[in-house]
Each structure stands twice: as structure tokens, then as C-alpha cells.
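Undergrad: The structure under discussion is supplied below as C-alpha cells; questions concerning it will follow.
The values are calculated or read from the model by the stated rules, or taken from the named source; none is laboratory data. A quick note: this is a predicted structure, and the numbers were derived from the prediction, not measured. Cβ atoms come from the backbone with ideal geometry, glycine included; neighbour counts cover every protein chain shown. Protein only, heavy atoms only, side chains kept; ligands, DNA and RNA dropped before computing areas. Shrake-Rupley method; radii C 1.70, N 1.55, O 1.52, S 1.80 Å.
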Amino acid sequence: MCGIVGYTGSREAYPILIDGVKRLEYRGYDSAGVALLQDDNISLYKCRGKVSELERFCLDKNIKAHTGIAHTRWATHGEPNDQNAHPHLSEDGKIALIHNGIIENYLILKRELQRRGYQFKSETDTEILVHLIRDISKNENISMAEAVRQALNEVVGTYALAIINTEQPEEIIVAKKGSPLLIGMGENEYFIASDGAPIVKYTNKVIYLEDGDVAVINTNKKIEIRNINNEKKRPYTQKLEITLDQLEKGDFPHYMLKEIFEQPRAIQDSMRGRINVEKDVVSLGGIIDYEAKLMNAKRFIIAACGTSWHAGLVAEYLFETLVRLPVEVEYASEFRYRNPILNEDDVVIVISQSGETADTLAALEIAKERGATVIGVCNVVGSTLARNTHAGSYTHAGPEIGVASTKAFTTQVTVLTLMALSLARKKGSISLSYYHRLINDLESIPQKIDIIFQQNDYIKQIASFFTNKRNAIYLGRGVNYPVALEGALKLKEISYIHAEGYPAAEMKHGPIALIDEEMPVVVIATMQGTYEKIGSNIQEVIARKGKIISIVTEGDTQVKEMSDFCIEIPATEELLMPLVSSIPLQLLAYHVAVSLGCDVDKPRNLAKSVSVE
Ligand code: F6R
């Protein structure tokens with residue numbers, strides 16, 4: 001959450017900073033700010049709202065500078081307003097600081113600083129840092145980097161920090177613990193950012209800071225990185241694995257729509273090189289070294305949040321059916337605080353698009369501490385999750401910028417399918433013919449999704465039916481139950497229509513009380529084991545005048561006749577159905593949100609990467 005950008009070099013900093021925070025807006029967008037070093041002064045401009053508001057605010061301001069930092073915020077402490085926006089400035093105006101993360105002991109530190117006479121202008125946890133660092137640097141007569149290190153030794157919590165100060169006007173000090181931060185290396189210029197998006201336009205040489213690192217970036221010197229104990233570290237330069245066109249919307253009006261339409265390609269990339277000509281799953285990223293652990297596992301535990309948790313629920317069906325081992329799927333936020341019982345025979349799979357979700361990372365650490373093998377399924381290369389798991393597979397979806405996850409979900413399910421298939425094949429837990437049927441069908445999923453796209457205009461028409469509705473129910477059974485949850489999540493998060501997903505048979509245990517002529521009920525009723533049963537569930541809705549929007553298998557007549565609207569999707573193996581049945585639900589949510597005039601890529605109150613608890 002929150003985006004950080006910094007620049008020091010010979011170019012004008014402001015356009016680089018503004019372009020950078022725009023690219024990071026998906027991480028948070030309730031307020032934004034920029035601090036620029038101008039001669040011996042720091043100019044600070046910040047305001048509530050998106051980066052475009054900040055740009056308007058700066059139109060008549062002096063923005064000339066070669067060093068600066070900028071921030072786009074997702075509020076944790078203190079409401080989104082001008083005062084709480086970052087950067088924060090020291091009382092004497094000599095230091096400006098931006099922060100991503102949470103300072104847990106900020107109240108104790110704040111009281112102590114207030115006792116010493118410091119006046120606070122904001123309600124944020126961040127502001128204590130700027131006063132604390134200034135207090136130390138004034139009283140101890142030490143370098144700013146040393147003052148930062150000492151201050152951070154007093155802090156409990158997580159942070160990615162960027163600091164500029166008037167005494168070293170070509171310098172940015174950065175520090176990291178629990179929130180990502182990268183340094184981009186140009187020719188006599190440096191870029192900093194909370195991910196690669198603002199940097200890739202200028203350089204693909206980056207240094208990923210590690211937890212506890214404090215780095216001094218100065219165009220007159222070599223980068224100096226020290227850990228929290230003040231030991232010098234050798235900077236390790238890596239190649240940034242993203243390209244600029246992956247970050248652009250192209251001809252699409254929104255990132256979400258672009259990412260929905262990218263799914264055939266993204267799923268292909270997830271499979272690429274992982275199935276050989278004999279149709280065997282040959283290799284899955286880095287998990288080969290841990291294959292014995294996977295083969296001997298007694299139980300799989302899956303921990304994730306949000307959409308990734310839904311992918312985990314799909315994996316429960318995949319692993320139980322194909323590998324015949326017990327699977328438990330956990331909300332990472334609950335798992336981490338539940339004192340879970342784990343042992344060395346357990347394999348814990350953590351799933352995360354960003355690889356920075358705080359609760360998922362905490363679940364990962366607990367699982368490791370307790371001796372389990374931890375496998376990651378993750379999209380962002382080099383993310384904390386990717387670096388901290390024992391082994392794992394990237395989804396290769398490419399950057400996902402729209403806040404609502406779409407291609408992340410289908411590529412996670414693809415990778416989890418490959419994992420389950422590979423294990424099932426090696427363990428001999430499914431027949432060879434079924435195994436080959438699944439592999440063949442998996443390979444045809446991208447074409448099937450392309451066929452669904454032909455109905456985009458029809459789905460847009462269905463969306464107009466939702467625009468005056470306040471609620472919706474999504475129903476599915478078996479492997480389509482997580483798809484119902486995911487469809488409901490998509491609708492509520494981007495259109496603000498209240499939506500709930502249920503296993504269809506659960507409806508009569510309570511939710512049926514909500515059904516009346518105003519209630520749209522989206523039912524995923526593809527041909528599968530429970531097809532007849534879901535037909536009865538639909539009848540129960542119709543008897544109460546609910547409106548049925550069904551997702552059915554091509555050629556279906558039975559459910560189609562009962563439906564007010566019906567979307568046909570290509571026939572697919574039951575276990576792989578979520579890869580296709582989720583697509584019309586993504587499009588439906590998208591078109592409903594657009595028709596209601598919502599900002600689909602930046603829905604209210606949300607942020608892409610939830611790096612705070
Ligand atoms: C919903 C959505 C969120 C994320 C969740 C986990 O569309 O995007 O529910 O799925 O915040 O994020 P990752 O996958 O990055 O751990």
C-alpha cells in the first residue's frame with residue numbers, strides 16, 4: 001500500500017516523480033504529495049485526492065528541482081486529508097520524509113517527542129519518524145544516515161522510507177523493513193520506488209533492498225548500504241523483469257478490461273515450458289528441489305487473502321481430487337493468529353499476486369518456523385513472498401495494475417492445476433487417460449476464453465439490468481462455488497453493489513429470505529456432477545420471483561429456459577471450469593461498474609498491495 005518514488009540526478013525531478021506516482025496509484029490513491037530540494041530549501045506540496053489533484057495544485061508552484069521524493073497514500077492512521085498526506089516535514093523544514101507501512105509503537109514515541117516540545121501537524125504514525133530523526137541528528141551531531149539508523153532502532157513496525165534533507169541536497173536516504181523498496185541505477189542518476197513500475201522507463205538495473213537495510217543514494221558517491229547493525233553490505237544489482245508496454249493501457253479504457261482480455265496470453269505464459277511434448281508436466285519453477293517433500297506430504301494447507309484465497313479454494317478441489325490428500329484452505333489473517341498445528345510433513349502453499357500481502361507473509365513465516373515446507377505461488381518477480389518461501393512457481397501473468405484481480409486469479413489456478421497434475425502423475429493417483437484429458441483441456445483454455453470474449457457486448461447488455469440494483473447473490477456448486485465467491489467479490493469491490501456468493505444448496509438455510517423480484521441471482525450452472533441439483537436451486541429462486549442470470553455450458557437448454565439472461569461458455573473438464581466460468585463474471589462486474597460511472601481501476605477505499613495488517 002502507498003506508493004513511493006524518488007529521484008536524484010541532473011534531470012528535472014518533478015515530471016519523473018509525478019509520472020512515477022501515477023504509475024503507483026494502484027497502491028493507494030486517497031492523497032498525494034511531493035517534496036523538492038530547491039537550493040537550501042525543501043518545497044512541500046501535498047493534497048487530498050488522486051495524483052491528478054496534486055498536479056493541479058502544483059500548476060502555479062515552483063517545481064524546479066533535481067532531487068525529490070513523492071508519495072501516493074492509502075490511509076491507515078488519520079483520514080485522507082491535506083495534513084495527513086505525505087511527505088512530512090521536520091519543524092525546521094530541513095528534512096522531508098515519506099513512509100509506507102505502519103509504526104506500531106508510534107503513540108509511545110509521539111508522547112515522548114511531544115514532551116520534548118515537538119508539535120505534530122498530522123494524525124499519522126509517520127510524522128513521529130521525521131521528528132525523531134531530526135531530534136537525533138540535532139542532538140548527536142552525526143550524519144543523517146546514522147540518525148535514520150538510530151531512529152529505526154527505536155521503531156517497532158514496518159516501513160519503506162525515503163528521506164531528503166537540506167544538508168545533503170543531492171542525497172536520498174532510503175530504508176526498508178517489511179515493505180518493498182527498489183533503487184534504479186541510471187548514469188549518474190538514481191530512481192527509487194516501491195516497485196519497478198516508475199523505474200522501468202529509465203533503467204532496468206535495480207537493487208532490491210532487504211529488510212533492515214539503510215541506503216544512502218548520492219550522485220557524487222557510490223551507493224552505500226548498511227544493515228540496521230551498521231554493517232556495510234555489497235549492493236547487488238539485478239535486472240528488472242518488466243517492460244514498459246506491460247504497464248500501459250494501450251487501446252483499452254481501463255487496466256481491468258485490458259487484464260481481462262490478456263488472460264488467454266497470460267494463461268499460456270503460465271503454462272509455457274511447463275508441459276512437454278509427451279504432455280507431461282515437466283518442471284514447475286523452483287519447486288523441483290522440494291519435489292520429495294511434496295511427494296511425501298501428508299497434508300496441504302493453503303493460506304492467502306481475497307481473490308488469491310478463492311484460487312486456494314479451487315486448489316482444494318484440484319488437490320483433493322487429483323492427489324488424494326487432505327487440503328485445508330485458510331485466510332492468512334486467521335491462520336497467523338490461530339496457533340496452527342503444523343509439522344514437517346505438511347506443505348503450506350501461500351498464494352499472492354503481489355507477494356507483499358502482510359497477512360500472507362506472516363502466515364509464510366509461521367509455517368516456516370514450525371517446520372513445514374512452504375511453497376509460493378506468486379506473480380511479482382523478486383517480491384518478498386518469492387524470496388522468503390522455500391520454493392515456488394511464478395504465475396507469469398505480467399503486471400496486474402487494475403485493483404480488482406482478474407488475470408492473477410486465472411493464472412494462479414493454472415499454476416495450481418499444473419502442480420496438482422504433476423504430483424498426481426508422479427504418485428499415480430489418477431488414471432493416465434484422465435491425466436491426458438485434463439492436460440489437453442488445460443491447453444485449450446486460452447481459445448475457450450477467446451470464445452467467451454465474443455459475448456462481451458451481450459454481457460454489457462446484461463450489466464444494464466444491475467444498474468438500479470443494490471444487492472446480488474452468486475451461486476455455484478462444487479468447483480464453481482469459489483467462482484461464485486470470486487464473482488461476488490468482483491462486483492462489490494468495483495461497483496459497490498452488495499453481493500454475496502454461496503454454495504447454491506446453502507441458500508435455503510438463510511439467504512433465500514432475501515430473494516424477491518428485485519434480486520439478481522447469478523448462477524454458475526455448467527454441466528457437472530451437480531447440474532441437476534443446481535437446477536432445483538434455480539427453481540427455488542424463480543418461485544420467489546428472483547431474476548436468474550446463468551452461466552451455462554454451450555448447448556444447454558434446461559437452465560437456459562429457466563433464466564432471464566444466459567451466458568453460454570465452452571464445454572470444459574469439470575475441474576478446470578473455474579478458468580472459464582470466472583471470465584463472464586469478471587466482464588459482468590466490469591460493465592456494471594462502468595455503467596454506474598465507478599472508477600473501476602481505483603475503487604474507493606481499496607489498494608492493490610495490502611502490505612499492512
Ligand atoms: C480482489 C483483490 C484482493 C487481493 C488480496 C490479496 O480483486 O485483488 O482481494 O486478491 O488483497 O492480494 P495478493 O494476491 O496480492 O496477496
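Undergrad: Any idea which residue in region 336-361 is farthest from the chain's Cα centre (by Cα), counting only those that are within 15 Å of Trp309 (Cα to Cα), modelled with pLDDT of 95 or more and more than 12 Å from the ligand (Cβ to nearest atom)?
TA: Val348
Undergrad: Given the conditions (1) within 21 Å of Leu596 (Cβ to Cβ); (2) part of a helix (DSSP H, G or I); (3) among the basic types (Lys, Arg); (4) open to solvent by less than 50 Å² (accessible area, probe 1.4 Å), and given that Lys460 satisfies all but one, which numbered condition is not satisfied?
TA: So the condition that Lys460 fails would be (4).
Undergrad: For the subset of region 216-240 comprising residues that are charged (D, E, K, R) and loosely packed, with under 13 Cβ neighbours inside 10 Å, which member is farthest from Gln168 (Cα to Cα)? Please lay out each step first, then the result.
TA: Initially, region 216-240 is screened for residues charged (D, E, K, R), giving 221-222, 224, 226, 231-234, 239.
Pick out the ones that are also loosely packed, with under 13 Cβ neighbours inside 10 Å and you get 221-222, 231-232, 234, 239.
Working: Lys221: 12, Lys222: 15, Glu231: 22, Lys232: 20, Arg234: 23, Lys239: 29 Å.
This residue is Lys239.
Undergrad: Taking region 363-377, which residues are open to solvent by 20 Å² or more (accessible area, probe 1.4 Å) and either near the ligand (Cβ under 9 Å from one of its atoms) or aliphatic (A, V, I, L, M) (or both)? Can you show your working first?
TA: Keep residues of region 363-377 that are open to solvent by 20 Å² or more (accessible area, probe 1.4 Å), which gives 365-366, 368-371.
The one that is open to solvent by 20 Å² or more (accessible area, probe 1.4 Å) and either near the ligand (Cβ under 9 Å from one of its atoms) or aliphatic (A, V, I, L, M) (or both): Ile366.
Undergrad: Taking helices (runs of 4 or more DSSP H) that fall entirely within region 527-613, which contain at least 2 residues that are within 16 Å of the ligand (Cβ to nearest atom) and not small (Gly, Ala, Ser)?
TA: Numbers: elements: 531-542, 558-562, 578-595.
Fully inside region 527-613 and qualifying: 578-595.
Undergrad: Identify all residues within region 388-413 that are in a helix (DSSP H, G or I) and either more than 15 Å from the ligand (Cβ to nearest atom) or over 26 Å from Lys368 (Cβ atoms) (or both); write none if there are none. First the steps, then the outcome.
TA: So in region 388-413, the residues in a helix (DSSP H, G or I) come out as 388, 407-413.
Lys407, Thr410 - these are the residues of region 388-413 that are in a helix (DSSP H, G or I) and either more than 15 Å from the ligand (Cβ to nearest atom) or over 26 Å from Lys368 (Cβ atoms) (or both).
Undergrad: Quick one: is Leu438 outside the structural domain of Ser194 (by TED's automatic domain parsing) and within 16 Å of the ligand (Cβ to nearest atom)? Walk me through it before giving the result.
TA: Numbers: outside the structural domain of Ser194 (by TED's automatic domain parsing): yes; within 16 Å of the ligand (Cβ to nearest atom): no.
Taking the combined requirement at face value, the residue does not satisfy it.
Undergrad: Lys448: closer than 30 Å to Gly597 by Cβ and modelled with pLDDT of 95 or more, yes or no? Step through it out loud before you land on a result.
TA: On the way: closer than 30 Å to Gly597 by Cβ: no; modelled with pLDDT of 95 or more: yes.
Criteria not met by Lys448.
Undergrad: Is it the case, given these coordinates, that Leu313 is away from the ligand (no atom under 16 Å from the Cβ) and either touching a residue at least 60 places away in the same chain (Cβ under 8 Å) or of a type outside the set (D, E, K, R) (or both)? Please lay out each step first, then the result.
TA: On the way: away from the ligand (no atom under 16 Å from the Cβ): no; either touching a residue at least 60 places away in the same chain (Cβ under 8 Å) or of a type outside the set (D, E, K, R) (or both): yes.
For Leu313, the condition - away from the ligand (no atom under 16 Å from the Cβ) and either touching a residue at least 60 places away in the same chain (Cβ under 8 Å) or of a type outside the set (D, E, K, R) (or both) - is not met.
Undergrad: I would also like to ask the following. Do we find that Val559 is under 16 Å from Pro520 (Cα atoms), out of contact with any strand residue (DSSP E or B) (no Cβ under 7 Å at 6 or more places or on another chain), open to solvent by less than 10 Å² (accessible area, probe 1.4 Å) and outside the structural domain of Glu400 (by TED's automatic domain parsing) in this structure? Spell out the reasoning first.
TA: Numbers: under 16 Å from Pro520 (Cα atoms): yes; out of contact with any strand residue (DSSP E or B) (no Cβ under 7 Å at 6 or more places or on another chain): no; open to solvent by less than 10 Å² (accessible area, probe 1.4 Å): yes; outside the structural domain of Glu400 (by TED's automatic domain parsing): yes.
No: the conditions fail for Val559.
Undergrad: Would you tally the residues in region 463-511 being part of a helix (DSSP H, G or I), away from the ligand (no atom under 16 Å from the Cβ) and either open to solvent by less than 10 Å² (accessible area, probe 1.4 Å) or touching a Gly at 6+ places or on another chain (Cβ under 9 Å) (or both)?
TA: Our first condition is that a residue be part of a helix (DSSP H, G or I); within region 463-511, this holds for 463-464, 480-495, 504-509, 511.
Now drop any that are not away from the ligand (no atom under 16 Å from the Cβ), which leaves 463-464, 480-481, 504-509, 511.
Then drop every residue that is not either open to solvent by less than 10 Å² (accessible area, probe 1.4 Å) or touching a Gly at 6+ places or on another chain (Cβ under 9 Å) (or both), which leaves 463, 480-481, 504, 507.
So the answer is 5.
Undergrad: Go through (1) within 15 Å of the ligand (Cβ to nearest atom); (2) open to solvent by 10 Å² or more (accessible area, probe 1.4 Å); (3) at pLDDT 95 or above and name the single condition Val380 misses.
TA: Exception for Val380: condition (3).
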